[in-house]
Amino acid sequence: MKTQSLTSAWRFRQLETDEWLPATVPGGVHTDLLALGRIPDPFVGDNERKVQWVAETGWEYRTRYAVTPDLFVQPCIWLVCDGLDTLATVALNGHLLGHTDNMFRQYRWDVKALLQPGDNELHITFASPIRYIAEKQSERPLPGVSQAIPGGPYLRKAPCQFGWDWGPQLPPIGIWKDIRLEAGPGPRLDDVHVRQSHREGHVDVSVALTVAQGSGERLTARVRVAGPDGAKLTTETAVSPAAATVLGVPISRPQMWWPNGYGAQPLYQVEVSLLQGAEVLDNRTYRLGLRTITLRQEEDEWGRSFEFIVNRVPIFAKGSNWIPADSFPTRISDEQLEALIRDAAATHHNMLRVWGGGFYEEDRFYDLCDRYGILVWQDVIFSCSVYPLDDPQFLENVRVEVAENVRRLRHHASLALWCGNNEMEWGWVDWGWTRPDLADMKLAYDRFFHHTLADWSTTLDPDTPYWPSSPSSDTPVVDPNGQRQGDAHYWDVWHGRKPFTAYRTQFPRFMSEFGFQALPPLATIRAFAGEADWNMTSYIMEQHQKNDSGNSLMVSQMLDTFRLPKDFPSLVYLSMVLQAEGIRYGVEHWRRHRDRVAGTLYWQLNDCWPVASWSSLDYFGRWKALHYAARRFYAPLLFSIEDDPPRQSLYITNDRCDAWNGSIRWQLETLDGDRLAAGEQAMQVPPLSTTAANTFDFSVQVNDDNRRNLVFVSELWQGDARVAWQTAYFAPTKHLTLVDPRLSAVCRSEGEQLHVELSCRSLARLVELSLDDADVVFSDNIFDLAANRTVAITCPLPSGWDLPRAESALRIRSVYDSFTDIQKE
């Protein structure tokens, strides 16, 4: 197949205007206008409101090009558009090619007869998505997301682009993926299905393919598999004109692919070629990880399990929910995307849920998940709304969308689950949708997600499990957040304003959503708000808070835990450590019960713009306190304390496939380090299990007079190495008699690393390290440091920095510093 890119020399204009402006393709109207200085940055201040007009009008793109001679002589030439966003009318040399209404689909037209030897002009006119959905919504209003522009479910476009409780109302318009000409003799690969079957010590890779526009000429299919070690295996066969052609390649001594933390991720390269004689007409290349995956649902003492099994090993899913990484997705660079996936893997993530309010990610996303060992729970793009699933035209549009994307993604080792939608089943149960005027829509929902989509998914990809909704009990519209079976979303701590202790009342079979908000780091706030607006209730701060009462919810929970912060930077810090502590509380509880709960995916990993949200990585990729906490609470070996003052219980959770041997050392001491009790015990923890190590009742040592001045310190040791430590208290942090911990740091540089040896004289609660004017990731951060202890921390030395500059830029603070000025007054 010969190709010619059509991504250059584009111009665009607003409809009913005369000025043509240069356009970037792939790209969009907003980003082009921003680059040209025609609109302010929508992410700064309240500029989101000032650019609403962009999506409320239509836009036209055009380009002129000459077809290269080697393409022009080919018998067949197609115009291929991988992504048009969304309501497009496409014309070539004045001839209408067609209309599009789905940003998730590829569109292809035969244009051989319309191309000219010289210049050719391609026009793409985009109608306003806002006007379209407003008209549809006026005809029949459908329930949707309160923070979104109404009517979004009528259009196959990323739902969150119309607004969400963490995202702006900035629906893009434009050519958002590659556009090109493809040419050849005619026959081309149509459907290619790469599968694998496993038997003891062997894997059989099979490729089933069909050919579009077959000719009377003899065609040959060839499959070449290259292993991680470079060894190659090849097979060929004649193409069947009437049915799928199937080729098989047996692999002996296969190198197995594992999720992050369970083993390596070797990838095989599978090249599929269509030949006519010696000429290659078309070919595709796939990266394949060899593994088995199932979703085990078996009856047990608590109900029915919900557990992913990879290569016969039960996996505790540790991860988070993924949203689009930018409101304008064409801006996401390969480097930015890899940094997000790499940082997820660095915190022991082994699963990401691609949430149904965004879009099916590009191939590069799944390639990265294959490389880093991140399993993907993939929602189909439906979320939190009632959709017109009774409309045959809408359903046919979705059918093509699903077929294209399932076929595109099903070979990936990382793909673990197809899920029908996000929270729609919950909506039918608890959100007031069950009413007479929506009765037909409820029937359509059940028919589509429990039958039609299930059939499509299992037919196109029989090797990947299908799940109807998240959350779901797998019993249609019954108890979607139940504890007996299926997955659950638990939002009573955030929306219900319950304390973090409420997490311990929940024992879902799989927790696929839960979360708590925090502000982003101060450096990120500076990107959208000046210091005059550094106040939780300022106009600009509330413009960058899309959840109703979100800022007040943060402050309310904050004041239940911490003292009133002395200033805005302290408030930012406390919001982030509060989020980290809350999510830690939940995850540690569920991991202690890994025989009952098989996974936790917190909401959410990332942001699409600079905002107060539930993310652990902000829009710029900066690590919030939660992300540092995740590196500890998702560690393969988790050491945790179940605190119930004056009782303290110690647990070790071992996700490894081998046993762990070591010891626990514990102390009950004052905040200044005076020891009241201490002990040590040897531990052996079986693989893939949780061991209750000990429970201590300190009723004798703890009383009303001293509880505010005590800390329980417990450490996990293996030989001479301390591998983890935990602290627990007998009073809320705001009531502790914290004094100046007198933190001291001794710094040295070694190569490109900065080493910091940190110590204190009294307990330092939730210590944060940072470097002024530099974004670095520390080896550890946001931790408690007990009196007279030392911890060694490292981070990359910023480019061009020397040790004196790093020492000058190093900032260290703890909870004490968040209120100390007020206390002194």
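Okay, here's what the table says:
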{"item": "Of the criteria (1) closer than 30 Å to Val194 by Cα; (2) in contact (Cβ under 8 Å) with a residue 40 or more places away in the chain; (3) part of a loop (DSSP other than H, G, I, E, B), which one Leu389 fails", "result": "(1)"}
{"item": "All positions within the stretch 491-520 that are part of a loop (DSSP other than H, G, I, E, B) and open to solvent by 20 Å² or more (accessible area, probe 1.4 Å)", "result": "Trp491, Asp492, His495, Gly496, Arg497, Lys498, Pro499, Gln506, Phe507"}
{"item": "Failed condition for Val700, given (1) β-branched (Val, Ile, Thr); (2) surrounded by 17 or more Cβ atoms within 10 Å (Cβ to Cβ); (3) assigned to a loop (DSSP other than H, G, I, E, B)", "result": "(2)"}
{"item": "Hits in the stretch 732-790 - residues which are in contact with a Pro (Cβ under 9 Å, 6 or more places away or on another chain) and either assigned to a loop (DSSP other than H, G, I, E, B) or at pLDDT below 95 (or both)", "result": "Glu752, Cys760, Arg761, Ser762, Leu763, Asp773, Asp775, Val776, Val777, Ala787"}
{"item": "Number of the condition not met by Ile782 [criteria: (1) of a type outside the set (D, E, K, R); (2) surrounded by 13 or more Cβ atoms within 10 Å (Cβ to Cβ); (3) out of contact with any helix residue (DSSP H, G or I) (no Cβ under 6 Å at 6 or more places or on another chain); (4) in contact (Cβ under 8 Å) with a residue 40 or more places away in the chain]", "result": "(3)"}
{"item": "Complete set of residues in the stretch 743-755 that are more than 26 Å from Asp674 (Cα to Cα) and either touching a residue at least 60 places away in the same chain (Cβ under 8 Å) or in contact with a Cys (Cβ under 9 Å, 6 or more places away or on another chain) (or both)", "result": "Cys747, Gln753, Leu754, His755"}
{"item": "Residues being under 13 Å from Ala344 (Cα atoms) and either part of a helix (DSSP H, G or I) or open to solvent by 10 Å² or more (accessible area, probe 1.4 Å) (or both) - total across the stretch 604-632", "result": "10"}
{"item": "Test: residue in the stretch 335-345 that is in a strand (DSSP E or B) and on the phi < 0 side of the Ramachandran plot", "result": "no"}
{"item": "Scope the stretch 314-333; condition open to solvent by 20 Å² or more (accessible area, probe 1.4 Å), touching a residue at least 12 places away in the same chain (Cβ under 8 Å) and β-branched (Val, Ile, Thr); matching residues", "result": "Thr330"}
{"item": "The lone exception for Val310 - which of (1) open to solvent by 20 Å² or more (accessible area, probe 1.4 Å); (2) within 25 Å of Gln297 (Cα to Cα) it fails", "result": "(1)"}
{"item": "Test: Pro40 is under 31 Å from the mean Cα position of the chain (by Cα), open to solvent by 50 Å² or more (accessible area, probe 1.4 Å) and not aromatic (Phe, Trp, Tyr)", "result": "yes"}
{"item": "Boolean, Leu601 is surrounded by 22 or more Cβ atoms within 10 Å (Cβ to Cβ), outside any loop (DSSP other than H, G, I, E, B) and in contact with a Pro (Cβ under 8 Å, 6 or more places away or on another chain)", "result": "no"}
{"item": "Qualifying residue in the stretch 5-17 (condition: part of a strand (DSSP E or B) and open to solvent by 60 Å² or more (accessible area, probe 1.4 Å))", "result": "yes"}
{"item": "Subset of the stretch 562-598 (residues that are within 30 Å of Pro168 (Cβ to Cβ), of a type outside the set (Lys, Arg) and open to solvent by 30 Å² or more (accessible area, probe 1.4 Å))", "result": "Asp567, Pro569, Glu581"}
{"item": "Test set (1) more than 25 Å from the chain's Cα centre (by Cα); (2) closer than 30 Å to Val572 by Cβ - Val493 fails condition number", "result": "(1)"}
{"item": "Of all residues making up the stretch 256-297, the number that are among the charged types (D, E, K, R) and either outside any strand (DSSP E or B) or more than 17 Å from Asp363 (Cα to Cα) (or both)", "result": "4"}
{"item": "Complete set of residues in the stretch 233-253 that are surrounded by 12 or more Cβ atoms within 10 Å (Cβ to Cβ) and modelled with pLDDT under 95", "result": "Val239, Ser240, Pro241, Ala244, Thr245"}
{"item": "So Gln557, is it touching a residue at least 12 places away in the same chain (Cβ under 8 Å), closer than 22 Å to Ile641 by Cβ and either over 24 Å from the mean Cα position of the chain (by Cα) or open to solvent by 10 Å² or more (accessible area, probe 1.4 Å) (or both)", "result": "yes"}
{"item": "Matching residues in the stretch 404-448 - criterion: being of a type in the set (A, V, I, L, M, F, W, C) and under 23 Å from the mean Cα position of the chain (by Cα)", "result": "Val406, Leu409, Ala413, Leu415, Ala416, Leu417, Trp418, Cys419, Met424, Trp426"}
{"item": "Per-region count, the stretch 663-684, residues open to solvent by less than 70 Å² (accessible area, probe 1.4 Å) and without any contact (Cβ under 8 Å) to a residue 40 or more places away in the chain", "result": "5"}
{"item": "Counted residues, the stretch 445-485 - those being assigned to a loop (DSSP other than H, G, I, E, B), of a type in the set (S, T, N, Q) and either open to solvent by less than 50 Å² (accessible area, probe 1.4 Å) or under 15 Å from Pro508 (Cα atoms) (or both)", "result": "6"}
{"item": "Those residues of the stretch 145-193 which are farther than 22 Å from Arg331 by Cβ, open to solvent by 10 Å² or more (accessible area, probe 1.4 Å) and assigned to a strand (DSSP E or B), in sequence order", "result": "Glu182, Arg188, Asp190, Asp191, His193"}
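The values are calculated or read from the model by the stated rules, or taken from the named source; none is laboratory data. Because the structure is a prediction, the values reported are computed rather than measured. Neighbour counts are summed over all protein chains in view; Cβ atoms, including those assigned to glycine, are modelled from backbone coordinates with ideal geometry. Ligands, DNA and RNA are excluded from the accessible area calculation, which covers all protein heavy atoms including side chains. Shrake-Rupley method; radii C 1.70, N 1.55, O 1.52, S 1.80 Å.
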